[in-house]
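Below: the structure, in structure tokens.
Every number in this text was worked out from the coordinates using simple rules, so none of it is lab data. Just so it is clear, the structure is predicted and the values come from calculations on it, not from any experiment. Because the Cβ atoms are built from the backbone with ideal geometry, glycine has one as well, and the counts that use them run over all protein chains shown.
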Amino acid sequence: MLTIENLTNEIDGKAILKGLSLSIKAGEIHAIMGPNGAGKSTLAYTLGGRPGYQVTGGRASFDGVNLFDLEPHERAAAGLFLGFQYPVEIPGVSNLQFLRESLNSQRKARGEEPLSGGEFIKLAKEKAGLLGLDMEMLKRPVNVGFSGGEKKRAEMVQMGILDPKLAILDETDSGLDIDALKIVGSGINAIMRKPDKAVLLITHYQRLLDYVKPDYVHVLAAGRIVKSGGPELALELEREGYAEVVAA
Amino acid sequence: MTTLTLPTRRQEEWRYSDLDALAAIWPTPAPTRIDVAAGENARHHLLQDAGEGAAAVHDYAITIADEARLDFHVLNIGGKFGRVTFTVTLGKGAHFELNGAIIGGGDQVLEIITKVTHAEPDATSGQTIRSILGQRATGSYLGSINVARNAQRTDAFQSVKAMLLDRTATANAKPELEIYADDVKCAHGATVGELDKQALFYMASRGMDPATAKTLLLKAFVAGVFDDVADEAVKDRLEAAALAKLEALV
Ligand SMILES: Nc1ncnc2c1ncn2[C@@H]1O[C@H](COP(=O)(O)OP(=O)(O)OP(=O)(O)O)[C@@H](O)[C@H]1O
Ligand SMILES: [Mg+2]
């Protein structure tokens, strides 16, 4: 589904990703772990097309199309979803308005009919219910005044509504309390664990991986994938730390 | 009667105006008078949507008598030069509320000029102006508040925010206070900003095309200006005109 080959990039002229390769097939869940500043968020933003994240080399193909040929909104319409480490606040725009415009923009780009107001509300209720988020929260402006955990939960409601093929989730587990972690974990499974979908989880902790069991775990350090393995690699990292594992 | 000479840019209240466009319609007609009688509540609005290339000047001379209130909503979007001015005198305990939006593109020069005089004690006034300017448009707000010596317990605010869509657009905001009383609360704030890039990327990452995302942010920016228009038909007309103008701009 996603093939990244030898990707390099720059932010403000500073090289961050330094030849990163990774391949994710439909039906798989991958986890990326790695020290602070390694380039994990940079990878997510670069794949999402954030302005300022300059691709300087390499390739990323998403379902056979060159991801870097697409504008950020076209990548979303093609089925890419980015869960933000720091979800953005948008005063004056309600979650419902934001999501309805987003979904209908995507549908339009794919040549599908827009959802009516009624159909959309039904969908939003269902996905909010799945994540245990009060519908009242969705009437409020996007992420404004939400607690850290509420923002992450709201992002998963967004993912449920937009129903992507590939979700790249950047520290979706950070800021979640123990119960919320469980709810978000089972939400991710319910929405994304399907034969035609895939997930790339960026995380620092094993906890989330207890709920969303990865097929592969990778270590990203200094802009490259330096080690890959099965789920046991995450446990090993948690026990031994990056220095030991990366050096070995 | 025709001794009125064309103003010059040296005059403070004309310093950002399009005087060439003004010349075509000079002299402008006498101001529209609004006199709100003691204890009354009045509501007025203006949709300045003159045709392309036209010049339009609307002057209001307003008195609000003791304990009376006037709510005025203005949307200034039309013509090559669109100017709306308010000269307001407040009686004891009176209130003046102005909610306005300026939305301009092309080479438009749009302005709102206010002179509010708190002549008696206990009067309040509030002015909220939101401007959205693209291309080479200029939007200006010049607002002076004059508080007379005996106008104790005056409470006045001016909130002026402008959003520039292009580097070539200009926003001018000049709130001015002249206060001769001592027990007075006056607050004014003016900001100029541009669309939040982080928000635009967040919206794009959810699939929103750039025009839809910008329109949504701009709608949020001016939302509130027409919230308390009492007449639903008027409100719909102002909001629809603002939206159509925005959509043409992004
Ligand atoms: N706008 C920027 N300008 C310059 N350097 C930047 C910019 N954004 C990120 N960086 C640098 O890029 C590197 C990678 O940052 P990134 O956010 O991708 O790390 P990360 O692996 O996600 O870390 P964390 O685990 O702390 O979230 C860091 O050294 C960071 O300082
Ligand atoms: Mg990060």
Can you pull the one-decimal nm distance between simple spin-label points at B:D20 and B:F157, each 7 Å off the Cα toward Cβ?
-> 4.1
If the cut-off is 24 Å between C-alpha atoms, which lysines fall inside it for B:K185, apart from same-chain ones fewer than 8 positions away?
-> B:K92, B:K115, B:K161, B:K174
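Once Rh is set to the Kirkwood radius over Cα pairs, what Stokes-Einstein translational diffusion coefficient, in µm²/s, holds for the stretch A:2-247 at a temperature of 10 °C and a viscosity of 1.306 mPa s? Intermediate results must be reported in sequence, preceding the final value.
On the way: Rh = 18.4 Å.
Once the numbers are plugged in, D ends up at 86 µm²/s.
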In Å, descending, principal axis extents of the Cα set of the protein assembly as shown = 93, 44, 43
Could you work out the mean count of beta carbons from other protein chains within 10 Å of each residue's beta carbon in B:215-223?
-> 3
Relative contact order as a percentage, chain A, C-alpha pairs under 8 Å and 6+ apart, gives 28
So for R0 = 45 Å, FRET eff. of B:A248-A:A15 from the Cβ-Cβ r, to 0.05, ends up at 0.60
Between B:R10 and B:A61, what FRET efficiency follows from the Cβ-Cβ distance if R0 is 25 Å, with the result rounded to 0.05?
-> 0.60
So if we plug the beta-carbon distance of B:R136 and A:E244 into 1/(1 + (r/R0)^6) with R0 = 51 Å, what FRET efficiency do we get, rounded to 0.05?
-> 0.25
Return the Cα extents of the stretch B:63-106 along principal axes one, two and three, sorted largest first, each rounded to a whole Å.
-> 43, 14, 8
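Roughly how big is chain A's charge dipole about its Cα centre, with Cβ charges of +1 (Lys, Arg) and -1 (Asp, Glu), in debye to the nearest 20? Please report the intermediate quantities before stating the final value.
Details: 29 positive and 32 negative charges, 55 e Å.
Using Cβ point charges on Lys, Arg, Asp and Glu, chain A gives about 260 debye.
Give me the percent of DSSP beta bridges within the stretch A:2-247 that run antiparallel, rounded to the nearest 5. Could you put the intermediate results ahead of the total?
Details: 24 of 41 bridges.
Taking every DSSP beta bridge with both residues in the stretch A:2-247, the antiparallel ones total about 60 percent.
Sorted by average packing, counted as other Cβ atoms within 10 angstrom per residue and highest first, what order do A:125-134, B:58-67 take? It would help to have the intermediate numbers written out before the result.
Working: A:125-134: 17.0, B:58-67: 18.7.
For the peptides A:125-134, B:58-67, the packing ranking is B:58-67, A:125-134.
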Chain B: radius of gyration and largest Cα-Cα distance (Dmax), Å | 18.5, 63
From other protein chains only, count the Cβ atoms within 10 Å of every residue's Cβ in B:189-201, then give the mean.
-> 3
Share antiparallel - DSSP beta bridges, the protein assembly as shown, percent rounded to 5 | 20
Using θ = phi - 60° and the Karplus curve 6.51 cos²θ - 1.76 cosθ + 1.60, what whole-Hz ³J(HN,Hα) does each residue of the stretch A:188-195 get, with Gly and Pro shown as x?
-> 4, 4, 5, 7, 10, 7, 9, x
Interatomic Cα distance distribution for the stretch A:63-188, bins of 10 angstrom, percent = 13, 44, 34, 9, 0
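Let me confirm one metric for peptide A:92-98, namely the mean number of other chain beta-carbon atoms within 10 Å of its residues' beta-carbons.
The shielding value for this peptide is 4.
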Among A:140-148, B:129-137, the order from most to least packed when residues are scored by Cβ within 10 Å on average = B:129-137, A:140-148
Quick one: if you take sqrt(5λ) for each eigenvalue of the C-alpha gyration tensor of the stretch B:127-246, what semi-axes come out, biggest first, whole angstrom?
-> 33, 18, 13
Determine the calculated [θ] at 222 nm for chain A from helices alone, applying -39500 (n - 2.57) to every DSSP H run no shorter than 4 residues and normalising by the residue count; nearest 500 deg cm²/dmol.
-> -12500 deg cm²/dmol
Extension length gain for B:K197 and B:A181 (0.36 nm per residue less Cα distance), in nm, is 1.3 nm
For the stretch A:1-73, what is the convex hull volume of its Cα atoms per residue in Å³?
-> 90
